[in-house]
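In what follows, a structure is listed as structure tokens, so that the remarks can point back to it.
The values are calculated or read from the model by the stated rules, or taken from the named source; none is laboratory data. In this text the structure is predicted, and so the values were computed from the model without any measurement. All Cβ positions, glycine included, derive from the backbone under ideal geometry; neighbour counts span all protein chains shown.
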Amino acid sequence: MLDKTKRGWWKSAVFYQIYPKSFQDTNGDGVGDIPGIISRLDYLEQLGIDGIWLSPVYESPQEDNGYDISDYEAIYPPFGTMEDMEKLIREAEKRGISIIMDLVLNHTSDEHRWFQEARKSRDNPYHDFYVWRDGRPDCPPNDMRGVFGGSAWTYVPHLGQYYFHQFAAKQPDLNWDNPAVREALYQMIRFWAGKGVGGFRLDVIDQIAKVPDEKITANGPRLHEFLRELSEKAFVREGLVSVGEAWSADVERAKQFSNPDGSELSMVFQFEHICLDQKGEKWDVIPLHLPALKRCFDRWQRGLHNCGWNSLFMDNHDLPRIVSRWGNDGAYRVESAKMLAAMLHGMQGTPYIYQGEELGMTNIRLPIDQYVDLEIKNLYQERTARGVPEEEVLRSIYARGRDNARTPMQWTDGDQAGFSDVRPWLPVNPNYKTVNAAAALEDPDSTFYFYQKLIALRKQYPIFQDGSFTLLLPEDEQIFAYRRDTEKEHLLVVCNFTPDTIPFDRPAEFENARLLLSNYEQGTGPLRPYEAQIYYLSEETQ
Ligand code: TEU
Ligand code: CA
């Protein structure tokens, strides 16, 4: 168990993201819940993770599955009670697992008390908790669009004003320029810190300092001022980890966000690697060009070494399943899922495993009327309405739609994959008969045990946390190989990103290195389809 009072404990931690709606139902309503998470803590302890990033469980009308909060200090009843939440924190702590709460500070639900007050009148004390502009009907202040489609402005006739929302109209943006907003949020964060959570994931944190009149959404002029204040006033307890979601972050900005002096956040989720295989319109797919991915990771690994901290992820609740995206979810599902895990977990940073990633769960294709995510539904409506051929729109949804990640966790080969006793809110992936946790726990060669070994290796060998990063074969379009080095230890990570058998000459220095982990029996020949190898060399044993 990690000593979480130690500064920077999260640098040697591995976190696991839970999307509560899809994790485990225990009361037969087809929706995951907090008692369900508690019932699965032993599974997570067996995997070896140190913290759970828990997607929002707060009171919410669920327009955006909880990223539209109507009461930050109450639990959405179908997920359970505050007592359930306090029990989850306690029970997780007993297993050395911290709970990282998901904080949505950029916006609330329009059903939040603050907005219900704000919209009553221009002189209501809460009116300036949000971003308003005078205007006439059908003439918004500018042509800014919301992430989920439509205008970023919604008119309130009795006020003669528009309010700003970067996401859905039911997610009005909070006005961070108002010190009363910031204080109210800091008070709420201290409430959760007081309950013993281990830290926070901060939703779209690079968007809180928006300047709509100049069409600025991310990296507004006061962003780092706000983050320093947030860190100082809210992350009051030593050892709280904070990870900010920052779609706009580049290496230079991430150095500020994750400054080792602790003035802002512990780390950020940056998305440069996630944007390499799409072009033009959102979710329009292009093939991944491996040298581009390698250059991207090289930039981030070397860019933050000793002056910041990387989070390492490939999956989350907004992204398609990585084995379908960059691996092979057919004949080589298991090999490629393991290869991708080795590629990621061999690097410097804090890894995040998204629920089901450790099982090699895959994307799903549903009839359009079975999708639930508003981003999918709005995109389908908007694009078909302007004449984009339906098969083209569906191709984007199948490849990148967020519901790919939100199908129920596959626990067994029984009804509804053991997730629920009734038909769940979103269909179970039909491959649950073979892709499920029970089968994985029975199979010593499963992806589950491969992830378990990776997690254990990071704790056993300091080089995973501290080593430098050097990319090898930068232009090779099939192999991703890199080395990690400290004075005494050396790692070689080699990944075949293809279903082909490919010759690979290990650097002479690693000729007698120890094979720490592979997704195949140790061989001396060429790399087999999606083969991954992690070799280890220590000066002591030379
Ligand atoms: O996501 C930020 C965000 O912009 C995503 O919506 C992403 O750009 C898009 O889904 C990619 O297709 C955060 C949360 O992770 C997401 O679930 C929320 O919907 C969003 O903020 C609003 O809170
Ligand atoms: Ca339930």
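Restrict the check to the range 176-183 and report whether at least one residue is surrounded by 20 or more Cβ atoms within 10 Å (Cβ to Cβ) and among the acidic types (D, E).
no
Pick from V393, V422, V388, V435: which is of a type in the set (V, I, T) and under 18 Å from R40 (Cβ atoms)?
Within the list V393, V422, V388, V435, the selection yields V435.
Of all residues being without any contact (Cβ under 8 Å) to a residue 40 or more places away in the chain and part of a helix (DSSP H, G or I) in the range 402-415, which is nearest to ligand 2 (Cβ to nearest atom)? Just the residue, please.
Of everything passing the filter in the range 402-415, D415 is nearest to ligand 2 (Cβ to nearest atom).
Could we say that A292 is in a loop (DSSP other than H, G, I, E, B) and under 28 Å from R400 (Cα atoms) here?
Here the answer is no, as A292 does not meet what is asked.
Pull up the range 27-40, narrow it to residues that are free of Cβ contacts under 8 Å to residues at least 24 places away in the same chain and not in a loop (DSSP other than H, G, I, E, B), then point me to the one that is nearest to ligand 2 (Cβ to nearest atom).
Ranking the qualifying residues of the range 27-40, first place goes to G36.
Return the total of residues in the range 7-26 being out of contact with any strand residue (DSSP E or B) (no Cβ under 6 Å at 6 or more places or on another chain), within 16 Å of ligand 1 (Cβ to nearest atom) and not in a loop (DSSP other than H, G, I, E, B).
Within the range 7-26, residues that are out of contact with any strand residue (DSSP E or B) (no Cβ under 6 Å at 6 or more places or on another chain), within 16 Å of ligand 1 (Cβ to nearest atom) and not in a loop (DSSP other than H, G, I, E, B) number 3.
Report, by residue number, each residue of the range 176-187 that is of a type outside the set (G, A, S) and over 14 Å from T217 (Cβ atoms).
Answer for the range 176-187, where residues must be of a type outside the set (G, A, S) and over 14 Å from T217 (Cβ atoms): D177, N178, P179, V181, R182, E183, L185, Y186, Q187.
Of the residues A209, A254, A249, A234, which single one is buried (at least 21 other Cβ atoms within 10 Å of the Cβ) and at pLDDT below 95?
Only one candidate qualifies: A234.
What's the number of the condition F480 fails, among (1) closer than 25 Å to G330 by Cβ; (2) in a loop (DSSP other than H, G, I, E, B)?
(2)
Here are some conditions: (1) in contact with a Pro (Cβ under 7 Å, 6 or more places away or on another chain); (2) outside any loop (DSSP other than H, G, I, E, B); (3) among the hydrophobic types (A, V, I, L, M, F, W, C). L366 meets all but one. Which one does it not meet?
If we test L366 against (1) in contact with a Pro (Cβ under 7 Å, 6 or more places away or on another chain); (2) outside any loop (DSSP other than H, G, I, E, B); (3) among the hydrophobic types (A, V, I, L, M, F, W, C), just (2) comes out false.
Among the residues of the range 473-506, how many are more than 28 Å from P287 (Cα to Cα) and loosely packed, with under 14 Cβ neighbours inside 10 Å?
Selection size over the range 473-506: 2.
Could you list, in sequence order, the residues of the range 41-67 that are small (G, A, S) and in a strand (DSSP E or B)?
Result: G51, single match.
Yes or no: A456 small (G, A, S) and touching a Leu at 6+ places or on another chain (Cβ under 8 Å)? It would help to see each step written out before you state the result.
On the way: small (G, A, S): yes; touching a Leu at 6+ places or on another chain (Cβ under 8 Å): no.
In short, no.
So, of the residues in the range 30-70 that are acidic (D, E) and under 20 Å from D318 (Cα atoms), which turns out to be surrounded by the fewest Cβ atoms within 10 Å (Cβ to Cβ)?
So the first thing to find is which residues in the range 30-70 are acidic (D, E), and the list is 33, 42, 45, 50, 59, 63-64, 68.
Next, from what is left, pick out any that are under 20 Å from D318 (Cα atoms): 33, 63-64, 68.
Numbers: D33: 25, E63: 19, D64: 21, D68: 25.
Only one residue tops the list, namely E63.
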